[in-house]
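Below is one structure, written out as structure tokens; the observations come after it.
Computed from the coordinates by the stated procedures, all read-outs in this text should not be read as laboratory data. Computed from a predicted structure; not experimentally measured. Because the Cβ atoms are built from the backbone with ideal geometry, glycine has one as well, and the counts that use them run over all protein chains shown.
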Amino acid sequence: MSEVQLLAQLLFAEASKKKDLSDEDATAIAWVVKNRLARPERFGNSLEEVVYAPAQFSGVNSPEWNKINMGKLTQDEQRIYKRFMQISSGVWLGTIPDPTNGADHFFNPKLANPSWKKKMKKIYSSEIHDFYKE
């Protein structure tokens, strides 16, 4: 699996309602992952290490994650995954700019209130998520 495919799979799995995850949110989440690569001593030396780090991304190994691995996406899900592939490619290649200004954490404030946010600076908000930098 390529880096772009892995990043797109993460976006697909992180989206609770894939149709509702805007391009803005998907781009910002992809940049959080890429920004973590800039700090290998903290987050890992490879995209795989960043994505598979314990308790970092709730979508990893979820039913949505496994649907991609098993090739069981519906036509609508295939269309959504293709959109995430395009976003992932642009982020990975650097042709889509980072709207988060270097964020390395995010969460949905309607679903979570993590204690770690008190130690970080909020630097961006999208339609659904808040983004922080350590």
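Worth pointing out:
- Label-to-label distance, nm, for residues given as S22 and K119 (7 Å Cα→Cβ offset): 3.1 nm
- A Förster radius of 22 Å, combined with the Cβ-Cβ distance separating K82 from S62, puts the computed FRET efficiency at roughly 0.65.
- Whole-Hz Karplus values for the range 43-50 come out as 10, x, 8, 9, 4, 4, 5, 5 Hz, taken residue by residue from phi with 6.51 cos²θ - 1.76 cosθ + 1.60 and θ = phi - 60°; glycine and proline positions read x.
- Restricting the calculation to Cα atoms, every distinct pair contributes to the Kirkwood radius of the range 19-134, found to be 15.0 Å.
- Listed residues P97, L73, A55: farthest to the positive end of the dipole of the range 3-104 (Cβ charges): L73
- Which of I80, I123 has the fewest Cβ neighbours within 10 Å, and the rest in rising order: I123, I80
- The modelled label-to-label distance between T95 and A38, using points 7 Å beyond Cα along the C-beta direction, is 2.2 nm.
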